[in-house]
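Q: Quick one: the structure is below, questions incoming.
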């Protein structure tokens, strides 16, 4: 869930977007563009979400890979694992509470259609997502290398999971850019029913209040 605007304290809800209450009314100040945002307006919510994800997570992860790609791969993978489950909640409009694995697997299948078996994705979830977020480390069998030809590849019935952090992160950045464009398409009067539902789901799930 996104950061919340507090009643008694100013807080940055995205890079250079300050959230606060003025006379009992929540507002968001985009300091970069000198603009006031309405936290209840879906167009402004998309602006906040886009800057949150890109500038707090995806872009910093990319900079880490440009530094020491091997040593920083664990941090980058943690960012990727978080994105995979999180974006699925906004796309579906449903909280993943108690359904984390289902959302994670469905998101990967959407990203890479007809590529992986559910049994392999369940192992990716257990070894990478759960390992990192519950134990602070991936479990045995997960290996990183930027020379791997695929973003994710399973070997030995999923016991070995090969990850190219750079390819995976780039795929997620492309996925996020497409998602944001789809959310904005309604504003540009270039939409279909599927995009309208996608926008409604996002509006229902994303809130800084």
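Q: How many residues does the range 2-36 hold that are in contact (Cβ under 8 Å) with a residue 40 or more places away in the chain and out of contact with any strand residue (DSSP E or B) (no Cβ under 6 Å at 6 or more places or on another chain)? Don't jump to the end; show me each part of the working.
A: The first filter runs over the range 2-36 and keeps only residues in contact (Cβ under 8 Å) with a residue 40 or more places away in the chain, leaving 2-5, 13-15, 19, 26, 28.
Still in the list and also out of contact with any strand residue (DSSP E or B) (no Cβ under 6 Å at 6 or more places or on another chain): 2, 4, 14-15, 26.
Result for the range 2-36: 5.
Q: List pairs: first in the range 47-58 and surrounded by fewer than 17 Cβ atoms within 10 Å (Cβ to Cβ), second at pLDDT 95 or above, Cβ under 6 Å, 6+ apart or cross-chain?
A: Between residues of the range 47-58 that are surrounded by fewer than 17 Cβ atoms within 10 Å (Cβ to Cβ) and residues that are at pLDDT 95 or above, the close pairs are 55/15.
Q: Here is a further query. Taking the conditions exactly as written (more than 22 Å from residue 201 (Cα to Cα), out of contact with any helix residue (DSSP H, G or I) (no Cβ under 9 Å at 6 or more places or on another chain) and assigned to a loop (DSSP other than H, G, I, E, B)), does residue 6 satisfy them or not? Talk me through it step by step, then tell me what you get.
A: Numbers: more than 22 Å from residue 201 (Cα to Cα): yes; out of contact with any helix residue (DSSP H, G or I) (no Cβ under 9 Å at 6 or more places or on another chain): yes; assigned to a loop (DSSP other than H, G, I, E, B): yes.
Yes: the conditions hold for residue 6.
Q: Kindly indicate whether any position in the range 163-173 is modelled with pLDDT under 95, more than 17 Å from residue 88 (Cα to Cα) and not in a helix (DSSP H, G or I).
A: Yes; the residues of the range 163-173 include at least one that is modelled with pLDDT under 95, more than 17 Å from residue 88 (Cα to Cα) and not in a helix (DSSP H, G or I).
Q: OK, next. Among (1) touching a helix residue (DSSP H, G or I) at 6+ places or on another chain (Cβ under 8 Å); (2) surrounded by 15 or more Cβ atoms within 10 Å (Cβ to Cβ); (3) within 15 Å of residue 207 (Cβ to Cβ), where does residue 38 come up short?
A: (2)
Q: Next question, about the same structure. Quick one: would you say residue 32 is assigned to a loop (DSSP other than H, G, I, E, B) and either at pLDDT 90 or above or surrounded by fewer than 20 Cβ atoms within 10 Å (Cβ to Cβ) (or both)? I'd like the intermediate steps shown before the answer.
A: Details: assigned to a loop (DSSP other than H, G, I, E, B): yes; either at pLDDT 90 or above or surrounded by fewer than 20 Cβ atoms within 10 Å (Cβ to Cβ) (or both): yes.
Yes; evaluated as a whole, the condition is true for this residue.
Q: Have a look at 73, 96, 69 and point out the one that is touching a helix residue (DSSP H, G or I) at 6+ places or on another chain (Cβ under 7 Å), modelled with pLDDT under 95 and surrounded by fewer than 17 Cβ atoms within 10 Å (Cβ to Cβ).
A: Values: 73 fails: surrounded by fewer than 17 Cβ atoms within 10 Å (Cβ to Cβ); 96 fails: surrounded by fewer than 17 Cβ atoms within 10 Å (Cβ to Cβ).
Only one candidate passes the filter, namely 69.
Q: A follow-up question, please. Out of curiosity, is residue 121 at pLDDT 95 or above and in contact with a helix residue (DSSP H, G or I) (Cβ under 9 Å, 6 or more places away or on another chain)?
A: On the way: at pLDDT 95 or above: no; in contact with a helix residue (DSSP H, G or I) (Cβ under 9 Å, 6 or more places away or on another chain): yes.
No: the conditions fail for residue 121.
Q: Report those helices (runs of 4 or more DSSP H) wholly inside the range 42-124 carrying at least 2 residues which are in contact with a strand residue (DSSP E or B) (Cβ under 8 Å, 6 or more places away or on another chain). Lay out the reasoning, then the answer.
A: Numbers: elements: 42-53, 59-67, 73-92, 100-111, 118-124.
By residue number, 42-53, 73-92, 118-124.
The values are calculated or read from the model by the stated rules, or taken from the named source; none is laboratory data. These numbers come from a predicted model, not from an experiment. Neighbour counts run over all protein chains shown; Cβ positions are idealised from the backbone, glycine included.
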